[in-house]
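Working notes for the structure below.
The values are calculated or read from the model by the stated rules, or taken from the named source; none is laboratory data. As the structure is a prediction and not an experimental result, all values here were calculated from the model. Virtual Cβ from ideal backbone geometry, glycine too; neighbours counted across all protein chains shown. Accessible surface is based on the protein model in full, side chains and every heavy atom, while ligands, DNA and RNA are left aside. Shrake-Rupley method; radii C 1.70, N 1.55, O 1.52, S 1.80 Å.
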Amino acid sequence: MWHESGTMEGPRSDTGRWGWNPWQPPTTPSPEPEPEPDRRSRSRRGGGRSFWARCCGCCSCGNRADDDWGPEPSGSRSRGSSSRGGRRPESRGSAVNAAGDGTIREGMLVVTGVDLLCSRSDQNRREHHTDEFEYDELIVRRGQPFHMILILNREYESSDRIALELLIGNSPEVGKGTHVIIPVGRGGSDGWKAQVTKTSGHNVNLRVHTSPNAIIGKFQLTVRTRSEAGEFQLPFDPRNEIYILFNPWCPEDLVYVDHEDWRQEYVLNESGRIYYGTEAQIGERTWNYGQFDHGVLDACLYILDRRGMPYGGRGDPVSVCRVISAMVNSLDDNGVLIGNWTGDYSRGTNPSAWVGSVEILLSYLRTGYSVPYGQCWVFAGVTTTVLRCLGLATRTVTNFNSAHDTDTSLTMDIYFDENMKPLEHLNHDSVWNFHVWNDCWMKRPDLPSGFDGWQVVDATPQETSSGIFCCGPCSVESIKNGLVYMKYDTPFIFAEVNSDKVYWQRQDDGSFKIVYVEEKAIGTLIVTKAISSNMREDITHIYKHPEGSEAERRAVEKAAAHGSKPNVYATRDSAEDVAMQVEAQDAVMGQDLAVSVVLTNRGSSRRTVKLHLYLSVTYYTGVTGPTFKETKKEVALAPGASDSVTMPVSYKEYRAHLVDQGAMLLNVSGHVKESGQVLAKQHTFRLRTPDLSLTLLGAAVVGQECEVQIVFKNPLPTTLTNVVFRLEGSGLQRPKVLNVGDIGGNETVTLRQTFVPVRPGPRQLIASLDSPQLSQVHGVIQVDVAPASGGSGFSDAGGDSRLEESIPMASRGGA
């Protein structure tokens, strides 16, 4: 990747990457990250002052010198501790007094219980927009107050002192924000404070304000008190853990979004649409993000732990996004997903078979091992889940005709010999039919003004950035204007959306000359799911100026000037009066098809065109197979006339060559005899696959069994073997795998499956089908779930993270 100066860089330490702190897989995988050990330290933070002298200037402790925590047991100092390190309070057990002996003296203010008001139906969870999380713990968003109740052993008196403590990480430090001390009623620092709102008998109600810059993660809560009788510390109780997330509702948070409909869509929506295919034949599939499913939040925090991201950096959304972009793929750091573009998925799951992120993330959390397999839309879908879960407004974006620039020229270079036959050994750049990445919304205090807003994050491992397979966050505004020296990774992303396709022909002396520049071939359409609907939204205009405009040409040439071929446009030489267009009918998997090339003479003289058509199958990444059909024809064009050349293709001709996504590539090259004009074009089209038909059989109610029917007709005359269905939907069905065996040629099958909704409201139930002969088959149905009568509207979401069963032939239905 590139340095901010616009030049290629050597290895450097990068925000969000810590190669010297590698994670090692556990000997025995466990369903949750290992609990952090309790530690004691005789540290004298704050220059030897006591706890109360440090957290409250009016207080000092005469009972116990300067030791905050009592005597240190021998051998308990943690490895790597320093005089700045904090200590975790004891886990559940006896209380701790100033003497450290557990004795509770008469008159001491003892905290006997804490009520965090963390029920999903309570005020805290509703006000913080975290009531959909399938968790019983308190989950709040930073920069916004929450309420809690302390239960004491006596009434609270004006002379009593109370302080809350939040700790995160192995060695909490006040200076790094990993040890937060909040004196009640005395104000705090950086937005942290706590106030008494009500006292009633032995209960004290508190309103706690968190900092808009707080570290995100799971904090341990403890309480200290001081009275005339002495000090008391509440033992740590796992039930009192608090999750703190980014807050797009808080104007002081760097991730603030000033549109409620955006927040509803890009933070709270648990499903979305991902687009694929080609610009002319756009396919769409529903993806279950499932960011509120039980276990997903822990999986997201576990991702940060796996790479050893310092806790002190976890309050910065730029750093967090950069780590996520690296950790969602498995290269370098044993991240979440293993990429696979070979077509052989026998040791894992075909990327086209996934219907959501939940199964992937829970598997990673449960086993600690990377999940096979992913491709760009899977990496992007999982990234959307993780970032939305952590509180960043995020959307999944598809770029059609996405370039992969391998030589940093910021152009897509295609080389031909003297007869315009491709020189494959020189053609290292590729154009993906589509590529899927993410936009997330944040301020960029690390960049000059004007670059806040949408930032590109791409977790698909294509090229390294500072030696690591990660990409972004990169300001969309810098991409639009060709400012490729802006961090992070702007040159690579700019080339994906707005580079030109340059055709080079070898000359008699061995040199190469530009014979054609295709200016509108890259980043032809950039789309995402629209807000509050399942429609497709065209967002090309935020990535690039209108094609052909002066601003767009200026951005391209400005970017190219920073590339490895800065003078590429100076060698351009062309005279064009014959136009060429490729047309392909809507092609269906298993049926015959035809492609046509239309030539138009826009000049005033007769033109003769010698045309070559080569057809091959292609992976969506632009990697092609051998040519399996070709046509050569000479076409005579009168001035102003048009003519076409058609290539018919039968199912028998292409069936043996099909690869993932069912895409084909037509290479067209031509030469105009009279003028020497060179014609060149690459056109990709795909074979459409059928959808699954889902029908709900009866009403859906929280906690009550419901049934869905799935119908599929095999479009091929051949048998589908080892067919697997997947079923998933947040609030409806944990990921479920159904093995149905073989499906005969042109056979119709019907499956019925039951599920028990656990959350009310509109939900999406998503299904997919996969077999070695056919993939990219999916379907979705909206399920409006009614709340349980007389209940809170929520049901227990427990159970296995992944269910698998085999469906006997008799229950599948007939043809």
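Quick one: net charge around Val180, please, counting Lys, Arg +1 and Asp, Glu -1 for every other residue with C-beta under 10 Å from its C-beta.
Summing Lys and Arg as +1 and Asp and Glu as -1 gives -2.
Distance from the alpha carbon centroid of the range 357-404 to that of the range 477-506 works out to 24 angstrom. Length gained on full extension, Val588 to Val196, computed as 0.36 nm times the residue gap minus the Cα-Cα distance: 134.4 nm. May I ask you to list the trypsin sites (Lys or Arg not before Pro) in the range 467-521 that are in a DSSP loop and have at most 12 other Cβ atoms within 10 Å of their Cβ? For trypsin sites (Lys or Arg not before Pro) across the range 467-521 that sit outside H, G, I, E and B with at most 12 neighbouring Cβ atoms in 10 Å, the list reads Lys520. Accessible surface for the range 197-299, divided over its residues, is 30 Å² per residue with a 1.4 Å probe.
Here are some pairs, Lys610/Lys652; Lys193/Lys529; Lys520/Lys736; which of them have Cα atoms lying more than 32 Å apart in this structure? Beyond 32 Å: Lys193/Lys529; Lys520/Lys736. Which of the residue pairs Lys632/Lys681; Lys513/Lys544; Lys501/Lys544 have a Cα-Cα distance greater than 21 Å in the structure shown? Those over the limit are Lys513/Lys544. Residues His425, His209, sorted by accessible area with the largest first, give His425, His209 [1.4 Å probe; ligands and nucleic acids excluded]. At each listed q (0.11, 0.12, 0.15 Å⁻¹), what is the log10 of I(q)/I(0) that the Debye formula gives for the range 424-538 modelled as equal alpha-carbon point scatterers? With no solvent term, the Cα-only Debye profile gives -0.47, -0.55, -0.80.
Give me the net charge for the shell around Arg506: Cβ to Cβ below 12 angstrom, other residues only, Lys and Arg +1, Asp and Glu -1. Result for the neighbourhood of Arg506: -2.
Can you give me the % of accessible surface on the range 266-419 that is carbon or sulfur? Probe 1.4 Å, all protein chains present, nothing else counted. Roughly 47 percent, rounded to a whole number.
Here the Kirkwood formula, the inverse mean of 1/r across different C-alpha pairs, assigns the range 592-709 a hydrodynamic radius of 17.5 Å. Based on the reciprocal of the average 1/r between different C-alpha atoms, the Kirkwood radius for the range 647-802 equals 18.7 Å. In sequence order, the range 486-495 has phi-based couplings of 7, 7, 10, 6, 4, x, 5, 6, 4, 5 Hz under the Karplus curve 6.51 cos²θ - 1.76 cosθ + 1.60, θ = phi - 60°, and Gly or Pro positions carry x.
With Cα atoms defining each centre, the range 523-559 and the range 148-189 are spaced 50 Å apart in the structure. The label point for Ser650 and the one for Glu106, both projected 7 Å from the Cα toward the Cβ, are 10.4 nm apart.
Quick one: compute the contact order of the range 412-509, relative version, from alpha carbon pairs under 8 angstrom and 6+ residues apart, as a percent. Working shown, then result.
Working: 147 pairs, mean separation 28.9, N = 98.
Worked out over the range 412-509, it gives 29 percent.
Stokes-Einstein diffusion for the range 317-379, with the hydrodynamic radius set to the Kirkwood value over Cα pairs and evaluated at 37 °C in a medium of 0.692 mPa s, equals 274 µm²/s. Taking 7 Å steps out from each Cα toward its Cβ at Ser605 and Thr748 produces label points 6.2 nm apart.
A cut-off of 5 Å between modelled amide H atoms, ignoring neighbours fewer than 5 places along the same chain, links Asn329 with Val336, Leu337.
Taken along the Cα-to-beta-carbon direction at a fixed 7 Å, the label points for Ser533 and Phe512 span 4.5 nm.
Couplings 3J(HN,Hα) of the range 688-702, computed from phi: 6, 9, x, 9, 7, 9, 10, 10, 7, 9, x, 6, 10, 9, 4 Hz, in residue order, whole Hz [Karplus 6.51 cos²θ - 1.76 cosθ + 1.60, θ = phi - 60°; x for Gly and Pro]. Accessible area of Trp441 (1.4 Å probe, protein heavy atoms only, ligands and nucleic acids ignored): about 60 Å².
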